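Written out below as structure tokens is the structure these notes cover.
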């Protein structure tokens, strides 16, 4: 993964697509969180998460202005890396997580949405806790004007909050979280492998796939 991200950061067009892809996914996450809100029982943590994910999407989009590129105003398919995988990644994880949680806890309706919010958000924060520091390392290495340190700090805070909420949700939360993490890992590997293949085809660069 480090090899691929390093390659991305060294090319402004690839880097712009990467930033736009991350922005798209942060925005999709924020919309998913909002969709899970109960009309009357939404708490401050959930509002905070939705707001911060929207801000991350905006922040990443704004970083594009630090690169010598144009044409990234929107999330058009040709401005994203591995567009099909990117567009379906979070939705697929949400569906798979809901199936698992419905079976394990016999939940439906708002209760299922809330459980999915907890576990899916946890899985995404675990992934962000790995991905963003690797990205920042590459940015620092290449003296890029782009920075994601503020996102790293906020994602770390989100992860701690999700763990606290999951402990309150179920005593055996770690068992179920491990199952959701396994679902996310498979989707992530498909997504990142698709990115590596796209880079290889477009630039003749043999990219290392995610391990």
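Quick check, is residue 185 over 21 Å from the mean Cα position of the chain (by Cα), at pLDDT 95 or above and either in a helix (DSSP H, G or I) or more than 21 Å from residue 30 (Cβ to Cβ) (or both)? Answer is no for this residue.
The lone criterion from (1) at pLDDT below 95; (2) at positive phi left unmet by residue 71 is number (1). Set side by side, the residues 163, 180, 199 differ, and just one is touching a residue at least 40 places away in the same chain (Cβ under 8 Å), out of contact with any strand residue (DSSP E or B) (no Cβ under 7 Å at 6 or more places or on another chain) and within 21 Å of residue 20 (Cα to Cα), which is 199. Just one residue in the set 57, 50, 115 is surrounded by 20 or more Cβ atoms within 10 Å (Cβ to Cβ) and touching a residue at least 40 places away in the same chain (Cβ under 8 Å); that residue is 115. Here residue 99 clears all of (1) modelled with pLDDT of 95 or more; (2) assigned to a helix (DSSP H, G or I); (3) within 20 Å of the chain's Cα centre (by Cα) except the condition numbered (3).
If you go through segment 22-38 and keep only what is crowded, with 20+ Cβ neighbours inside 10 Å and in a loop (DSSP other than H, G, I, E, B), you end up with just 36.
The values are calculated or read from the model by the stated rules, or taken from the named source; none is laboratory data. In this text the structure is predicted, and so the values were computed from the model without any measurement. Here the Cβ is made from the backbone with ideal geometry for all residues, glycine too, and neighbour counts use every protein chain on show.
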